[in-house]
1. Quick one: which residue in Y214, Y240, Y206, Y221 is surrounded by 19 or more Cβ atoms within 10 Å (Cβ to Cβ), among the aromatic types (F, W, Y) and either in contact (Cβ under 8 Å) with a residue 60 or more places away in the chain or more than 29 Å from Y167 (Cα to Cα) (or both)?
2. Identify, from the list T561, T641, the residue that is under 30 Å from E468 (Cα atoms), open to solvent by 60 Å² or more (accessible area, probe 1.4 Å) and among the β-branched types (V, I, T).
3. Tell me yes or no: at least one residue of region 435-444 is open to solvent by less than 40 Å² (accessible area, probe 1.4 Å) and of a type in the set (V, I, T).
4. Among the residues of region 394-408, is any loosely packed, with under 15 Cβ neighbours inside 10 Å, of a type in the set (S, T, Y) and part of a strand (DSSP E or B)?
5. Which one of these does A138 not meet: (1) open to solvent by less than 90 Å² (accessible area, probe 1.4 Å); (2) farther than 21 Å from P40 by Cβ; (3) touching a helix residue (DSSP H, G or I) at 6+ places or on another chain (Cβ under 8 Å); (4) at pLDDT below 85?
6. Please go through region 409-427 and pick out each residue that is surrounded by fewer than 18 Cβ atoms within 10 Å (Cβ to Cβ), part of a loop (DSSP other than H, G, I, E, B), under 42 Å from the mean Cα position of the chain (by Cα) and of a type outside the set (V, I, T).
7. What's the number of the only condition in (1) farther than 30 Å from E234 by Cα; (2) in a helix (DSSP H, G or I) that M323 fails to meet?
8. Within region 564-615, can you find the residues that are part of a strand (DSSP E or B), closer than 25 Å to V644 by Cβ and open to solvent by 60 Å² or more (accessible area, probe 1.4 Å)?
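The values are calculated or read from the model by the stated rules, or taken from the named source; none is laboratory data. What you see is a predicted model; the values in this text were computed from it and never measured. Note that we place each Cβ from the backbone using ideal geometry, even for glycine, and neighbour counts take in every protein chain shown. Protein only, heavy atoms only, side chains kept; ligands, DNA and RNA dropped before computing areas. Shrake-Rupley method; radii C 1.70, N 1.55, O 1.52, S 1.80 Å.
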Amino acid sequence: MVVPEFRSPQCRALCTKLLLTLWVFSFVGEACKKVTFHVPSTLEADKIIGRVSLKECLSSADGIMPSDPDFRVLDDGSVYPTRTVVLSDEKRSFTIQLSDSKMQTQKEIPVILEHKKKVLKKRHTKETVLRRSKRRWAPIPCSMQENSLGPFPLFLQQVQSDAAQNYTVFYSISGRGADQEPLNWFFIERDTGNLYCTRPVDREEYDVFDLIAYASTADGYSADLPLPLPIKIEDENDNYPLFTEAIYAFEVPEGSRLGTVVGTVCATDKDEPDTMHTRLKYSILEQTPPSPGLFSVHPDTGVITTVSHYMDREVVDKYKLIMKVQDMNGQFFGLISTSTCIITVQDSNDNAPTFRQNTYETAVEENTYNVEILRIPVDDKDMINTANWKANFTILKGNENGWFKITTDPVTNDGVLCVVKPLDYEENHQVTLEIGVNNEAPFIKDVANRIPTMNRAMVTVHVKDQNEGPECKPPEQYVRIKENSAVGSKINGYKAYDPETKNSNGLRYKKLQDPKDWVSIEEVSGLLTISKTLDREIMAPRNDMYNITVMAIDQEGKSCTGTLAVNIEDVNDNAPEIIQDYIVICKPKMGYTDISAVDPDEPIHGPPFQFNLANTSPEVNRIWTLNQVNDTAARLSYQKTADVQIYNVPVTVKDRAGQSATKILRVNLCDCTHPSQCPLRSRSAGITLGKWAILAILLGIALLFSVLLTLVCGVVTARKGKHFPEDLAQQNLIISNTEAPGDDRVCSANGFTTHTANNSSQGFCGTMGSGMRNGGQETIEMMKGHQTLDSCRVAGHHHTLDSSRGGHMDTDNCRYTYSEWHSFTQPRLGEDSIRGHTG
């Protein structure tokens, strides 16, 4: 230990005696036996008291626990106070508990701390007094040379403890290189404290070994605190500097200014930093091609820059540099490494495209377009297929009318001149163009200041004459014709002309398309002749032009086509027409109805319309009134006293030009809440027969055959002794509501009983309609005045066919003559025909 230094000799002597008394100790006992430490009365915190041999007690111990919390025990058996402890008694004891969790084993080591003054050994009078200046437990810093050649083991230094003057001290070391990996590279002599190294050391692998030296007595007492003992490995310049890359690749634009940074090379050295061994210097050993020298490198940073502005890619596009790096600050004895640097010169637009000729000539036939007429090659020294090489052509003069267009062929870089609009020989025999060319990329500033950026050439285009044939210009011509013009009238037709003569002489005309075939065309003059009456109203849509396609042909057979757009002017040839034919008015819910009219003529001959009741009977004028609603509609009203029936109301409508028409409206004044509840019963008979009317006529013919068959049956029955009345054909005629005979039959004769098909029948059985089959829900009616068959009454009673099943029915009041039957069927035939027409 280090003894404090005092100025007074008396103080030094007294201090020496006290320290010797306090630090004398003895170790009594064996493994797992009692251990006694002789300690001073005051124990300082974290200051070693002594060392216990734990392995001798329990070598496999993995748990160490002192029973007294004022102390702690390390793995090597060193005992330390956790705080400052003052021993009030001469002794203090505690135990150290050792445990092996795997073997389930526990052992204890009793520890006794004794506070007892140690009697110093008396010095004989003949013994000389040892005098020394200063004792130490701190050796000078130790180091060894990297890659030392030995001899090994190599002595490094001697470690000594102050306690060795009073006690027998044994030395030991621990740490990396001793008892830790790498093992046994260093050792210390137990008795002398001499420290040795057993082998050469590479500093790049281990730059320092932090060893700890211990001084202890034979009984395990630590005579001094553990001593840190760092062993530094002195660096040797045994590593070459190495570039980070074997080959560097840089790019630099051609024509770069002086001092342009090309790139940076970098090297590393594993030797000790901040020493001459790692102080590097860069230089260029060789440049290919060698002349001229264009590059330099900063010796400290490795930055490569340009030293000349003469860098033309078109001359040399790539340079190769051999780079050198040397340690020891570039001194001749420093270690050297090399690397390769490839510098590619990037293309800049420093060369303008040039025409191979100053003038060009070409020819094109008139009226041709979208054709290529000339290819103009250019030369450019810049890199092919880059924006610096690609040409951009422009027509500077001569293309004011837009006849030409010039583009660039992406493969050959030629200018391709094309005609995009037809040329006319009669207008221009030749056209002179000025063509300019530059690159897609702009020129660099230095070049733009030295040379013109656009090269120019003149192109003369000769226009060749050709027989063009007739021209139909404009392609669409217009003409007006009034509708209903007289057949045979002549009007101007389409006019084409010959571009050579500027007139129409010698041209022939032919009609290609006439949708309605209304006109014909004269072959020589091209005049139109009306061949049919023109009706504007049948055109769809009516306001469109009527287009006639005409072909003009010259004497050589060349032709052109044009369109003659005919505007058919409207005349007032159509009267307005009321839209409605049949109207239902529900009384009293509806007090009026609106009627409207349309006129197919143009609006100038159409609305506003005038609506009036035509000259009718006083009864119609008394019941009905007509008031204007708007330009195309009127309101038809009735008097509240009008009867519920069907009325024929004639209405006249007139357009603004006086064209008028009268229409008879059938108005059904019905007692209903909705018009759908009042179906039409009867309409006028003078209407064209439809399919339903024809079917009704056939049904009437079938009924006539039924009458004849009834007569035949009567004759046969008379022969058998049964007499039918002579007027059988004039008596009850039952009309079926179906087109085919039903299953039910009714035997109808004077005095005969009528039965259904389910009862026994006698005599001739006429066909009964579906109304009878359905239980009499629908009755069979025959008109006679305002009566039906249902209204026939016998002796003041009402009878139906159903009621006649169980009794007799007097048919005298229900007999009809053939003329009455004819008058009954004809209105129905007319109604069926109307239904068929409307259907």
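1. Y221
2. Of T561, T641, the one residue that is under 30 Å from E468 (Cα atoms), open to solvent by 60 Å² or more (accessible area, probe 1.4 Å) and among the β-branched types (V, I, T) is T561.
3. yes
4. Within region 394-408, one or more residues are loosely packed, with under 15 Cβ neighbours inside 10 Å, of a type in the set (S, T, Y) and part of a strand (DSSP E or B).
5. (3)
6. D409, P410, D414, K421
7. With (1) farther than 30 Å from E234 by Cα; (2) in a helix (DSSP H, G or I) applied to M323, the lone miss is (2).
8. Y592, D594
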